[in-house]
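Note sheet for the following structure.
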Amino acid sequence: MAQDLAGKVALVTGAASGIGRAMAELFVSEGAKVLIADINEEQGAGVAAELGANAAFRRTDVSKHEQVQAAVDFAVARFGSLHVMCNNAGFPGRPVARFLDDDLQEYQRILAINYMGTVYGSHCAGRHMAKNGGGSIINTASIAGVMPGFAFICYRASKAAIINFTKSTAIDLAEYGIRVNALAPGSIKTPATDYRKPGMSEETFRRVRAESDRVMMSYKPLKAQGLPEDVAQAALFLASDRARQITGILMPVDGGISAGDTVNHAGELMAAHERILSQST
């Protein structure tokens, strides 16, 4: 291991599973001490136990400012400082609901966790970092934040807000030596995206998962399934001194989905012209 984070302390929210867990595991393997912050106490404590003495768990609801502050304080008290803050916790809401069918009460929860959780984490960690030589703040956004479309309406808006917030705070906090960047995962296989519903049989789940993967892969240039580890590797780079001149960026980890439309519309257009011309002669 390169030990890119040797001597550093990181706090990762939403680290009991999925992308956050992959971040915590990789950071520890690269020499960091990591505080796992999550609302899921059983899973979060389990991850910390697996990672050993260089990890600890703190139950944290990121929608509560005082709980985020307590997590930051706990990390500093336990490990001596805080150099890396990963605002990763998120809540997608109902993914297939159209806007007119949406439960607007759920919008409050999405914004409280996704956007305000990122604000609270950046504010609490930033205050410590500003007095202690700087640091790296990494926000988990999404390609949904840059790609408007059907469904996920509030989720898309919350992630778009995180992207703008990231760029603005990168400028605002630069004088303190604090770098702020965002990741934009897309089509990453995690427990939050397995499409399993209560009571669903294993066979039905397998078929739903396979069909979902087929659809997702159809508009992805790189035909390989994205994994939490892929996002964690990007976070490692942004957390490390290798990225010391990088701030205010959005780094997609999406296999090229956000690069552009994978359908060859120019080819379709030319083929249509050829058909018309052939029919006219």
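Summary value for the chain: 18 percent relative contact order, contacts being C-alpha pairs under 8 angstrom separated by 6+ residues.
Here the sum of -39500 (n - 2.57) over DSSP H runs of 4 or more residues, divided by the residues of the chain, equals -14500 deg cm²/dmol at 222 nm, to the nearest 500. Taking a ≥ b ≥ c as the square roots of the eigenvalues of the alpha-carbon gyration tensor, the stretch 1-83 is classed oblate because a/c is 1.5 or more while a/b is no larger than b/c. Restricting the trypsin sites (Lys or Arg not before Pro) of the stretch 52-112 to loop positions (DSSP other than H, G, I, E, B) with no more than 11 neighbouring Cβ atoms within 10 Å leaves 98. Which entries in the list 8/64; 159/189; 33/131; 33/189; 33/167 go over 22 Å, if you measure between the two C-alpha atoms of each? Going by Cα-Cα distance, 8/64; 33/189; 33/167 fall outside the 22 Å limit.
Helix 202-218 axis versus longest C-alpha principal axis of the chain: approximately 80°, rounded to the nearest ten.
Dipole of the stretch 156-281 computed with +1 at Lys/Arg Cβ and -1 at Asp/Glu Cβ about the Cα centre; of 205, 233, 174, farthest Cα towards the positive end is 205. Basic side chains Lys and Arg get +1 at the Cβ, acidic Asp and Glu get -1 at the Cβ, and with that the dipole of the chain about its Cα centre reaches some 220 debye. Relative to the longest principal axis of the Cα atoms of the chain, helix 153-173 runs at roughly 50 degrees.
Along the stretch 250-267 the Karplus relation, 6.51 cos²θ - 1.76 cosθ + 1.60 evaluated at θ = phi - 60°, assigns HN-Hα couplings of 10, 9, x, 10, 9, x, x, 4, 7, 6, x, 5, 7, 7, 7, 5, 4, x Hz to successive residues, with x for each Gly and Pro.
Expressed as a whole number of Å, what is the distance separating the alpha-carbon centroids of the stretch 126-197 and the stretch 63-114? That distance is 11 Å. In the chain, the longest principal axis of the Cα atoms and the axis of helix 41-51 are about 80 degrees apart.
Our estimate of slack between residue 215 and residue 201, defined as 0.36 nm per intervening residue step minus the Cα-Cα distance, is 2.9 nm. Only Cα pairs under 8 Å and 6+ residues apart enter the sum, and on that basis the relative contact order of the stretch 1-131 stands at 25 percent. Close amide H contacts of residue 248 (hydrogens built in the peptide plane, cut-off under 5 Å, sequence separation of 5 or more or a different chain): 180, 181. With θ taken as phi - 60° and the Karplus curve 6.51 cos²θ - 1.76 cosθ + 1.60 applied, the whole-hertz 3J(HN,Hα) list for the stretch 229-242 is 4, 5, 5, 4, 5, 5, 5, 4, 4, 5, 6, 8, 6, 4 Hz, x standing for glycine and proline.
Only the coordinates and a few stated rules stand behind these numbers; no lab work does. Note that the structure is a prediction, hence the values are computed from the model and not measured. With ideal geometry, Cβ positions are generated from the backbone for all residues, glycine too; neighbour counts draw on all protein chains shown.
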